[in-house]
Amino acid sequence: MIKTYGYTDNTQLSPHFNAQEFRCKCGKAHDFQIDDDLITKLEALYAALNCSKIIVTSGFRCAAHDKSVGGSGTGQHTLGKAADTCCYGQDGQPISSKTVCCKAQDIGFGGIANITAAYIYTHVDVRSGSKWYGDEVHGNSSVTDDFYKYFGGEDMKGIDVSVHNDKIDWQKVKAAGIDFAVLRAGYGKLAKQKDDRFEENYAGAKAAGIPVGAYWYSYAMDEDEARQEADVFLSVIQGKQFEFPVYFDLEEKKQFDLGKEKVSAIMRAFLERVEAAGYFVGLYSSASSLMTHTADDIKSRYTIWLAHWVDKTNYTGAYGIWQHSEKGSVDGINGNVDLDIGYKDFPTIIKAKGLNGWGKEEVLPNPPAPVAEDGISVEVTVDGQKYSGKLNKA
Ligand SMILES: [Zn+2]
Ligand SMILES: [Zn+2]
């Protein structure tokens, strides 16, 4: 929402921003406007960069002032939707605009640009409509749709693992330089099909300080089964926190035999169900099935974890993680392991959105219904709590 402030209004808009910082610098004492979404996102930027301060060098501009500094007189600054900033780190030094642009992209600013050759000032705005990711050192047009690629940001090295990788020494994996791991949580539609090493891998990776995501391997042949799988997946991951997305993994031949339309419907059923429960969801898929068996709306709506075991993929769609090999070798893991590259700062994105168990009040999990036979005593452990009792057939 855009609000109007009087010239001397010194309302504290948020912990780190005061209205005064945004008033027009033309020299005339006139009212100014600020979109509160701009302040929300600037606070998110402050947190994501671990700033010591953010200086707003230009906030609202009247049309005359906008023109006097080389603008069109109708740009985002004149709408109260833009700020030119210098972001300072804990060492008191300006943070590179290249880093700021990447984080601003993760946070979801619609317009972002480096604005000086020194790469220390960054324009951000909360425009509606199409994006502008610019670098004014190279003119005024959009230069990229991904600052990470444009500025050659460091990619994250990852692995994905399941019970098939045996027992893993996560401290060694961390020491080997692995930045993230996607863990198989289980498969199919029965609770007992939780991956036998999921709890152990989750605890081990967390203890080693490795951010994690999760995936569920599907055998669903229709939307109903996909929703059953989603519910089991949700019960397995409940109460945990994931810095990376949680993925739907569909790759069985008999599923692809159902055809693109049906396969896409199955994907949507699972993804919508898990997303509605507060998760950042994605789709794991091979390059070929993305091209032949996945509807366009899914590829644009959900983050893609691309599987393509080649040196250089020719897949042209967007993806956040690329699984580039199934024959990796990483200290701490016996045998081959799948290798991945991460291109997005998912931990920042997911925590900023409060998804995947972050930023929400702690909710104690309900004990899952144990799968066992009539009259047998069972004991299950959920997040360290033991539940036990005799089962009766309902
Ligand atoms: Zn003015
Ligand atoms: Zn600007």
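Would you mind checking which residues have amide H under 5 Å from ALA318's amide H? H placed 1.01 Å from N; only 5 or more apart, or other chain.
Hits under the 5 Å cutoff: none.
I'd like the accessible area for SER142: 1.4 Å probe, protein heavy atoms, all chains in place, Å² to the nearest 10.
The accessible area comes out at roughly 60 Å².
Along each principal axis of its Cα atoms, how long is segment 156-353 end to end? Whole angstroms, biggest number first, please.
On the principal axes, segment 156-353 reaches 44, 37, 34 Å in Cα extent.
Taking the simple approach of a point 7 Å from Cα along Cα-to-Cβ for both MET1 and GLU136, what is their distance in nm?
3.1
Measuring with a 1.4 Å probe in the full set of protein chains, what accessible area per residue, in whole Å², belongs to segment 78-211?
In whole numbers, segment 78-211 has 43 Å² accessible per residue.
Looking at the chain, send over the antiparallel percent of its DSSP beta bridges, to the nearest 5. Show your work: numbers first, answer last.
Numbers: 38 of 68 bridges.
Taking every DSSP beta bridge within the chain, about 55 percent pair in antiparallel fashion.
Any chance you could run the full-extension gain for ASP311 through SER288? It's 0.36 nm times the residue separation minus the Cα-Cα distance, nm to one decimal.
6.7 nm
Please compare each pair in LYS192/LYS344; LYS262/LYS299; LYS149/LYS353 to a cut-off of 26 Å on the Cα-Cα distance and tell me which ones are over it. Can you show the working numbers first?
On the way: LYS192/LYS344 33 Å; LYS262/LYS299 15 Å; LYS149/LYS353 23 Å.
From LYS192/LYS344; LYS262/LYS299; LYS149/LYS353, over 26 Å: LYS192/LYS344.
For segment 2-150, give me the percentage of DSSP beta bridges that are antiparallel, rounded to the nearest 5 percent.
Details: 21 of 25 bridges.
Counting DSSP beta bridges with both partners in segment 2-150, the antiparallel share is about 85 percent.
Mark the label point 7 Å from the Cα of GLU200 along Cα→Cβ and return the residues of segment 147-189 whose backbone N is within less than 13 Å of it.
162-170
Net charge near TYR150: determine it from the other residues with C-beta under 10 Å of the C-beta of TYR150, scoring Lys and Arg +1 and Asp and Glu -1. Present the calculation step by step, with values, prior to reporting the outcome.
Values: positive: LYS98, LYS149; negative: ASP135, ASP145, ASP146.
Summing Lys and Arg as +1 and Asp and Glu as -1 gives -1.
Quantify how much of the Cα-Cα distance distribution of segment 2-150 extends past 20 Å, in percent. Don't skip to the answer; put the middle values down first.
On the way: 4787 of 11026 pairs.
Above the 20 Å cut-off, segment 2-150 has 43 percent of its Cα pairs.
VAL163: accessible area at probe 1.4 Å, nearest 10 Å²?
40
Got a sec? Charge dipole of the chain, +1 on Cβ for Lys and Arg, -1 for Asp and Glu; which of GLN90, GLY357, VAL236 is way out at the positive end?
The listed residue farthest towards the positive side: GLN90.
Quick one: order VAL137, VAL274 from most to least accessible surface, probe 1.4 Å. Intermediate values should be presented prior to the final figure.
Numbers: VAL137 65, VAL274 0 Å².
Accessible-area ranking of VAL137, VAL274, largest first: VAL137, VAL274.
Please compare each pair in LYS131/LYS254; LYS25/LYS53; LYS206/LYS260; LYS53/LYS312 to a cut-off of 29 Å on the Cα-Cα distance and tell me which ones are over it.
On the way: LYS131/LYS254 40 Å; LYS25/LYS53 20 Å; LYS206/LYS260 37 Å; LYS53/LYS312 41 Å.
In this structure, LYS131/LYS254; LYS206/LYS260; LYS53/LYS312 exceed 29 Å between Cα atoms.
Could you point to the residue in THR116, VAL143, ALA176 farthest towards the positive end of the chain's charge dipole, with +1 and -1 charges on the Cβ of Lys/Arg and Asp/Glu respectively?
Towards the positive end, the residue furthest out is THR116.
Assign unit charges at the C-beta atoms only (+1 for Lys and Arg, -1 for Asp and Glu), then state the dipole size of the chain relative to its Cα centre in Debye, rounded to the nearest 20.
Numbers: 43 positive and 54 negative charges, 148 e Å.
That gives the chain a dipole magnitude of about 720 debye.
In Å, what is the Rg of the alpha-carbon atoms in the chain, and how long is Dmax?
When restricted to the Cα atoms of the chain, Rg and Dmax are 24.3, 82 Å.
How large is the accessible surface of LEU79 in square angstrom, using a 1.4 angstrom probe and rounding to the nearest 10?
Looks like 70 Å² after rounding.
The values are calculated or read from the model by the stated rules, or taken from the named source; none is laboratory data. Keep in mind that what you see is a predicted model, and the values were worked out from it rather than measured. Every residue, glycine as well, gets a Cβ built from its backbone with ideal geometry; the counts of neighbours run over all protein chains shown. These accessible areas exclude ligands, DNA and RNA; they are computed on the full protein's heavy atoms, side chains included. Shrake-Rupley method; radii C 1.70, N 1.55, O 1.52, S 1.80 Å.
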